[in-house]
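The values are calculated or read from the model by the stated rules, or taken from the named source; none is laboratory data. Model, not experiment: these values are computed from the prediction. Here the Cβ positions follow ideal geometry from the backbone for every residue, glycine too, while neighbour counts run over all protein chains shown.
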Amino acid sequence: MKCYNLTKMTWEEVESALETVQLAVVPVGAHEQHGPHMTESCDAVLAEKMAERLGDRMFPYVLITPTISMGVSPHHLNFPGTISLQPDTLIAILRDVVSSLQHHGIKKFLFLNAHGGNMATLNTASALLSKEFEVEVYYAKTTAAAKESIKSYISSPLFGHSCEREVSEALYLAPELVRKDKITKGEIQIEGRWRQLRPGGAIQGFYRYEEMTKNGCIGNAMEASREIGEKIVEEALNRLTEELLELLDLERVNINELNF
């Protein structure tokens with residue numbers, strides 16, 4: 001994989017890369033429970049793997065930063081091992097990343113996020129940091145753009161956490177995250193106020209994950225497969241690449257010159 005990744009480069013290599021780099025991709029994840037069948041580093045690892053593949057496709061215009069491996073996860077805290085940042089802590093970390101890389105001449109940033117609980121904070125960070133440093137800060141959920149594949153292959157009415165979608169992505173990108181002998185369905189709590197407070201409802205608000213699921217996962221991971229993961233990931237990468245080419249005004253670049 002050909003990719004400018006700060007964690008694997010010397011300062012001289014970075015200096016050379018900055019002659020073409022136009023965008024820094026910041027992988028953002030979380031450290032939280034993912035049910036009986038996924039490790040707690042899941043979101044951080046998937047964010048990093050997606051960022052590397054995006055960097056490979058958009059070489060030499062994109063630089064990948066170190067992964068922010070913890071996120072805003074208070075709703076998972078009653079499951080052992082979860083570590084949650086306060087929203088202002090995450091914003092402070094992102095501020096320092098943007099400030100440092102702006103010092104090196106980078107003016108455009110993408111927070112590539114693998115944890116839904118970070119999205120509201122990233123929205124705020126994007127607005128604050130764009131104004132504060134006079135740069136362009138964007139954010140995206142890793143595979144949210146794969147709408148057709150998700151519609152075709154994901155059947156659970158409730159999915160999004162250690163479900164058939166996320167487990168499939170992991171089987172394709174990082175199979176070591178999955179305990180294959182433990183894969184199970186979410187043990188959904190039939191009753192509870194969580195049903196009213198889910199995203200997309202008329203009223204939204206905080207609820208703890210155990211109010212919704214006894215075992216910490218939702219959906220039906222037993223339907224997951226590497227093949228589904230490949231469909232979702234590649235569709236998402238195609239769409240992200242197309243959007244970034246437009247934002248960076250690189251639409252006239254010969255696509256054959258990219259790893260698209």
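Structure values in brief
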| read-out | value |
| --- | --- |
| Members of the stretch 73-94 found to be out of contact with any strand residue (DSSP E or B) (no Cβ under 6 Å at 6 or more places or on another chain), among the small types (Gly, Ala, Ser) and touching a residue at least 24 places away in the same chain (Cβ under 8 Å), listed by number | Gly81, Ser84 |
| Gly186 being buried (at least 21 other Cβ atoms within 10 Å of the Cβ) and touching a strand residue (DSSP E or B) at 6+ places or on another chain (Cβ under 6 Å) | yes |
| Set Ser100, Ser152, Ser168: member being surrounded by fewer than 20 Cβ atoms within 10 Å (Cβ to Cβ), on the phi < 0 side of the Ramachandran plot and either touching a residue at least 24 places away in the same chain (Cβ under 8 Å) or in a loop (DSSP other than H, G, I, E, B) (or both) | Ser152 |
| Whichever residue in the stretch 189-231 is loosely packed, with under 11 Cβ neighbours inside 10 Å and of a type in the set (A, V, I, L, M, F, W, C) and, among such residues, is farthest from Ala144 (Cα to Cα) | Ile190 |
| All positions within the stretch 177-190 that are assigned to a helix (DSSP H, G or I), farther than 12 Å from His34 by Cβ and either touching a helix residue (DSSP H, G or I) at 6+ places or on another chain (Cβ under 8 Å) or in contact (Cβ under 8 Å) with a residue 24 or more places away in the chain (or both) | Lys180 |
| Test: residue in the stretch 105-119 that is farther than 18 Å from Ala47 by Cα, assigned to a helix (DSSP H, G or I) and not aliphatic (A, V, I, L, M) | no |
| Odd one out for Ser16, checked against (1) polar (S, T, N, Q); (2) assigned to a loop (DSSP other than H, G, I, E, B); (3) out of contact with any Pro (no Cβ under 9 Å at 6 or more places or on another chain) | (2) |
| Qualifying positions in the stretch 30-63 - among the charged types (D, E, K, R) and either assigned to a strand (DSSP E or B) or in contact (Cβ under 8 Å) with a residue 24 or more places away in the chain (or both) | Glu32, Glu40, Asp43, Lys49, Glu52, Arg53, Asp56, Arg57 |
| Test: residue in the stretch 147-168 that is within 16 Å of Pro27 (Cα to Cα) and either hydroxyl-bearing (Ser, Thr, Tyr) or at pLDDT below 95 (or both) | no |
| Residues (surrounded by 21 or more Cβ atoms within 10 Å (Cβ to Cβ), over 17 Å from the mean Cα position of the chain (by Cα) and farther than 18 Å from Phe111 by Cα) located in the stretch 35-65 | Gly35, His37 |
| Hey, Arg198 closer than 30 Å to Asp88 by Cα and either at pLDDT 95 or above or in contact with a His (Cβ under 8 Å, 6 or more places away or on another chain) (or both) or not | no |
| Members of the stretch 129-149 found to be more than 20 Å from Arg239 (Cβ to Cβ) and surrounded by fewer than 15 Cβ atoms within 10 Å (Cβ to Cβ), listed by number | Lys131, Glu132, Glu134 |
| Residues being in a loop (DSSP other than H, G, I, E, B) and surrounded by fewer than 20 Cβ atoms within 10 Å (Cβ to Cβ) - total across the stretch 66-89 | 8 |
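Quick grid of which residues meet (1) under 22 Å from the mean Cα position of the chain (by Cα); (2) farther than 25 Å from Val45 by Cβ; (3) in a helix (DSSP H, G or I):
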| site | (1), (2), (3) |
| --- | --- |
| Ala144 | yes, no, no |
| Gly192 | no, yes, no |
| Gly201 | no, yes, no |
| Phe206 | yes, yes, no |
| Glu210 | no, no, yes |
| Cys217 | yes, no, no |
